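Asker: This is the structure, below, for whatever I ask next.
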Amino acid sequence: MNKPVEVKAADMVPLWINGAAQPARSMRCGEVTNPATGRVIRKVPFCNAADIDAAVDAAKNAFPGWRATPPVRRARILMRFRDLLEAHRKDLTHLVTGEHGKTLPDAAGSVQRGIEVVEFASGVPHLLKGEHAEDVGRGIDSHSMLQPLGVCAGITPFNFPAMVPLWMFPVAIACGNAFVLKPSEKVPSASVRMAELFKEAGLPDGVFNVVHGDREAVDCLLAHPDIKAVSFVGSTPIAKYVYETAAKGGKRVQALGGAKNHAVVLPDADLDFTAHALVGAAYGSAGERCMAISAVVAVGAAGDALVRKIAERAAKLPVGAGDAHGIEMGPLITRAHRERVRGYIDKGVAEGAKLVLDGRGLRVTEHEEGFFLGPTLFDHVTAGMTVYRDEIFGPVLVVLRAGTLDEAIRLVNANPYGNGTAIFTRSGAAARRFQNEIEVGMVGINVPIPVPMAFFSFGGWKDSLFGDLHVHGMEGVSFYTRTKVVTTRWPGTDSAAPGLTMPTMG
Ligand code: NAD
């Protein structure tokens with residue numbers, strides 16, 4: 001049995017303020033655990049108001065100089081940052097696996113998806129071009145400009161320690177804002193490492209700052225008068241709270257929440273391909289992905305064969321420490337979360353769902369204290385059951401049965417979440433209807449996890465996103481900028497002076 005190790009002061013994760021690693025003023029802290037071993041590997045400070053003030057002040061002071069830096073120069077710093085992320089991809093990947101638990105190849109993939117946002121943001125001189133119209137009136141021209149907001153804040157979840165922060169700060173900073181990031185207190189190290197690399201790339205001190213903590217730190221950010229916009233990614237109840245609190249304070253907010261992502265499988269689908277895709281989408285990262293497929297809607301005759309094929313594959317998945325060779329599924333984030341997910345499996349059994357594969361008995365040799373739970377599969381789940389209604393966020397896949405595509409679409413649309421969904425079929429007509437009628441923000445057609453590339457925007461509908469704009473892509477640029485329209489007339493082009501009536505230009 002692994003004994004918890006004592007953590008030394010040197011193992012405390014620093015804040016990153018004004019271009020330097022700093023200790024917190026707050027005396028409160030939490031523990032960062034390696035989920036594969038159950039051992040505490042470092043501590044993380046929980047910032048108080050004085051810490052948040054220091055970070056916001058640094059950002060506020062850096063903002064005027066950064067805003068005045070031409071976008072093309074900002075872009076060059078982003079390009080160097082991108083190269084440094086690439087050069088240090090291996091360390092970042094190990095930090096992600098060490099604190100989150102996902103496998104190294106999965107962690108490397110998530111770092112890659114984050115790097116792609118930096119690549120998108122490097123095109124900022126083009127992205128910030130406004131519009132121009134000559135002769136909107138006689139001798140009058142108009143042009144629009146996209147200007148930064150000031151200090152923006154980001155609050156991120158545990159499940160993508162590098163990628164989700166990278167959805168936010170590169171775009172915000174490319175647009176000329178300064179940024180304060182509060183990553184999840186469970187996985188704080190990747191953010192600090194990225195801040196070091198951004199400085200090495202030439203980012204002026206204070207433009208990017210990292211603070212840590214729990215609700216106290218978040219509340220200080222939400223209440224801070226110098227923060228103009230808040231990007232949040234996490235669970236739905238906190239997303240709603242962040243949206244309402246920050247909006248009430250006059251801030252611009254995008255708050256991405258939880259999910260229950262459905263895959264609809266029609267009887268004409270290639271069931272071997274579909275089962276393979278669904279095992280990856282349901283159990284990859286131990287189901288701790290906001291785009292994980294957690295509910296399958298098997299239509300008509302697809303059900304029995306599909307469930308058998310998923311169960312055969314899932315039962316053979318190698319589960320173990322994310323840094324071990326050949327492992328496909330790692331542990332859950334904490335012991336408490338593992339127990340919560342286990343509780344859902346108990347509830348599913350009690351509510352009468354058919355337990356096809358039970359992950360509760362899994363033991364991983366030499367990792368008895370790790371937070372492991374095996375792949376679990378329920379069949380004949382109904383819409384009223386807790387395992388369907390709640391976001392479980394673990395390796396638990398539930399299968400519901402529907403008679404027709406109509407019934408499947410109605411079921412998906414009745415669900416309060418609307419993050420991602422997928423349809424598996426060989427019918428173009430069915431797929432076209434599905435993409436048109438489904439009330440979900442990101443749709444895959446024979447693609448199980450349809451995470452948009454960085455040059456599109458990522459975001460869900462309904463309880464999966466509070467706010468109007470999605471992250472990265474052009475919606476990210478819109479979120480982090482304000483539009484100004486300038487209407488110009490020069491003496492000599494039109495001598496008629498404006499009168500008292502509403503100007504009509506023409
Ligand atoms: P969480 O909501 O518990 O935490 C997210 C952030 O909010 C963290 O930084 C945390 O410190 C902070 N926080 C936690 N409790 C708070 C409180 N009471 N007041 C203020 N701040 C608080 O989420 P999590 O467990 O870290 O992440 C998993 C959740 O995130 C899942 O629901 C998942 O679906 C969701 N998620 C959504 C997306 C998306 O794009 N929609 C992406 C990734 C994760």
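Throughout, read-outs are computed from the coordinates displayed, never taken from laboratory work. Worth saying up front: this structure is predicted, and the values here are computed from it rather than measured. Quick reminder, even Gly has a Cβ in these numbers, built from the backbone with ideal geometry, and neighbours come from all protein chains shown.
Asker: Residue by residue through the range 380-390, what is 3J(HN,Hα) from phi via Karplus (6.51 cos²θ - 1.76 cosθ + 1.60, θ = phi - 60°)? Round to whole Hz and write x for glycine and proline.
Answerer: Residue by residue, the range 380-390 yields 6, 7, 10, 4, x, 6, 4, 5, 8, 5, 8 Hz.
Asker: Grab the beta carbon distance between Asn413 and Ile445, set R0 = 25 Å, and tell me the FRET efficiency rounded to 0.05. Walk me through the intermediate numbers first.
Answerer: Details: r = 17 Å, r/R0 = 0.69.
Given R0 = 25 Å and the Cβ-Cβ separation, E is 0.90.
Asker: Let me ask something additional. If the chain between Arg215 and Val486 were fully stretched, how many nm would it gain, using 0.36 nm times the residue separation less the Cα-Cα distance? Each step should come with its number before you reach the end.
Answerer: Working: separation 271, 0.36 × 271 = 97.56 nm, distance 4.17 nm.
Residue separation times 0.36 nm, minus the Cα-Cα distance, leaves 93.4 nm.
Asker: Taking the chain as the reference, fit the longest principal axis to its C-alpha atoms, fit the long axis of helix 163-174 to the helix C-alpha atoms, and give the angle between the two in degrees, 0 to 90, nearest 10.
Answerer: It works out to around 10 degrees.
Asker: Sorting Cys152, Cys29 on the 10 Å Cβ count, fewest up front, what's the list?
Answerer: Values: Cys152 28, Cys29 19.
Ranking Cys152, Cys29 by Cβ neighbours within 10 Å, fewest first, gives Cys29, Cys152.
Asker: With θ set to phi - 60° and the Karplus curve 6.51 cos²θ - 1.76 cosθ + 1.60, what are the ³J(HN,Hα) couplings of the range 354-366 in order, to the nearest whole Hz, using x for Gly and Pro?
Answerer: With the stated coefficients, the range 354-366 comes to 8, 7, 8, 9, 10, x, 5, x, 5, 10, 10, 4, 6 Hz.
Asker: Would you mind checking Lys129/Lys199; Lys129/Lys248; Lys182/Lys240; Lys102/Lys462; Lys90/Lys316; Lys182/Lys260 for any pair whose Cα atoms are more than 20 angstrom apart? Working shown, then result.
Answerer: Values: Lys129/Lys199 27 Å; Lys129/Lys248 31 Å; Lys182/Lys240 17 Å; Lys102/Lys462 28 Å; Lys90/Lys316 28 Å; Lys182/Lys260 25 Å.
In this structure, Lys129/Lys199; Lys129/Lys248; Lys102/Lys462; Lys90/Lys316; Lys182/Lys260 lie more than 20 Å apart at Cα.
Asker: While we're on this one: Can you list, largest first and rounded to whole Å, the semi-axes you get for the chain by taking the square root of 5 times each eigenvalue of its Cα gyration tensor?
Answerer: Details: eigenvalues 346, 191, 69 Å².
Working through the eigenvalues yields semi-axes of 42, 31, 19 Å.
Asker: Taking the Cα-to-Cβ direction at Lys90 and at Asn61 and moving 7 Å from each Cα, how far apart do the two end points lie in nm?
Answerer: 3.8 nm
Asker: In the range 261-445, with Lys and Arg counted as +1 and Asp and Glu as -1 at Cβ, which of these residues, Gly394, Val265, Val299, has the Cα nearest the positive end of the dipole, that is, farthest along it?
Answerer: Val299
Asker: To continue, here is another question. Show me the ranking of peptides 399-409, 229-239 by mean Cβ neighbours inside 10 Å, starting with the highest. Before the final figure, lay out the partial values.
Answerer: Values: 399-409: 18.7, 229-239: 22.8.
Ranking, from highest mean packing down: 229-239, 399-409.
Asker: Calculate, for Arg433 and Leu355, the FRET efficiency according to 1/(1 + (r/R0)^6) with r their C-beta to C-beta distance and R0 25 Å; round to the nearest 0.05. If you can, show how the numbers build up before the last one.
Answerer: Details: r = 33 Å, r/R0 = 1.34.
So, using R0 = 25 Å, E works out to roughly 0.15.
Asker: Looking at the range 444-506, which trypsin sites (Lys or Arg not before Pro) are DSSP coil and have at most 14 other C-beta atoms within 10 Å of their C-beta? Show your work: numbers first, answer last.
Answerer: Working: sites: Lys462, Arg482, Lys484, Arg489; in loops: none.
Taking the range 444-506 and a limit of 14 other Cβ atoms within 10 Å, no loop trypsin sites (Lys or Arg not before Pro) are found.
Asker: If you put +1 on each Lys and Arg Cβ and -1 on each Asp and Glu Cβ, how big is the dipole of the chain around its Cα centre, in Debye rounded to 20?
Answerer: Values: 54 positive and 52 negative charges, 82 e Å.
The calculation lands at about 400 debye.
Asker: Under 12 Å from a label point 7 Å along Cα→Cβ of Ala305: give me every residue in the range 353-392 with its amide N that close.
Answerer: none
Asker: Name the long-range amide H neighbours of Ser294: under 5 Å, sequence gap of 5 or more, or other chain; modelled H, no Pro or chain starts.
Answerer: Placed amide hydrogens put Asn261 under 5 Å from Ser294.
Asker: With no solvent and one equal point scatterer per Cα, compute the Debye intensity ratio I(q)/I(0) for the range 1-113 at 0.16 Å⁻¹ and report its log10, rounded to two decimals.
Answerer: -1.02
Asker: Could you line up Val13, Val40, Val187 from fewest to most neighbouring Cβ atoms inside 10 Å? Intermediate results must be reported in sequence, preceding the final value.
Answerer: On the way: Val13 23, Val40 16, Val187 27.
Ranking Val13, Val40, Val187 by Cβ neighbours within 10 Å, fewest first, gives Val40, Val13, Val187.
Asker: On to the next question. State, to one decimal in nm, how far the label point of Glu312 lies from the label point of Ala20, with both points 7 Å from Cα in the Cβ direction.
Answerer: Those two pseudo-labels are separated by 6.3 nm.
Asker: Let me ask something additional. Read phi for every residue in the range 264-270 and hand back ³J(HN,Hα) as whole Hz from Karplus 6.51 cos²θ - 1.76 cosθ + 1.60, θ = phi - 60°, with x for Gly and Pro.
Answerer: Taking θ as phi minus 60°, the curve returns 9, 10, 8, x, 8, 6, 6 Hz for the range 264-270.
Asker: With label points built 7 Å along Cα→Cβ from the Cα atoms of Glu119 and Phe273, find their separation and express it in nm.
Answerer: 2.5 nm
Asker: Normalised by the residues of the range 242-365, what does the relative contact order come to in percent, with Cα pairs under 8 Å and at least six apart? Don't skip to the end; give the middle numbers.
Answerer: Working: 118 pairs, mean separation 24.8, N = 124.
Worked out over the range 242-365, it gives 20 percent.
Asker: Taking amide H positions as placed in the peptide plane 1.01 Å from N, state which residues far from Leu357 in sequence (5 or more) or on other chains have amide H under 5 Å from it.
Answerer: Counting only residues 5 or more places away or on other chains, the set is Leu377.
Asker: Based on the mean of other Cβ atoms within 10 Å per residue, sort peptides 254-262, 326-334 so the most packed one is first. Let's see the in-between values first.
Answerer: Details: 254-262: 27.0, 326-334: 22.0.
Top of the packing list down: 254-262, 326-334.
Asker: Pop the C-beta distance of Asp141 and Asp468 into the FRET formula with R0 = 45 Å and round what comes out to the nearest 0.05. Before the final figure, lay out the partial values.
Answerer: Working: r = 30 Å, r/R0 = 0.66.
E(calc), rounded to 0.05, equals 0.90.
Asker: Once amide H atoms are built 1.01 Å from N in the peptide plane, which residues 5 or more positions from Arg42, or in another chain, come under 5 Å H to H?
Answerer: Those qualifying (amide H under 5 Å, at least 5 residues apart or on another chain) are Val32.
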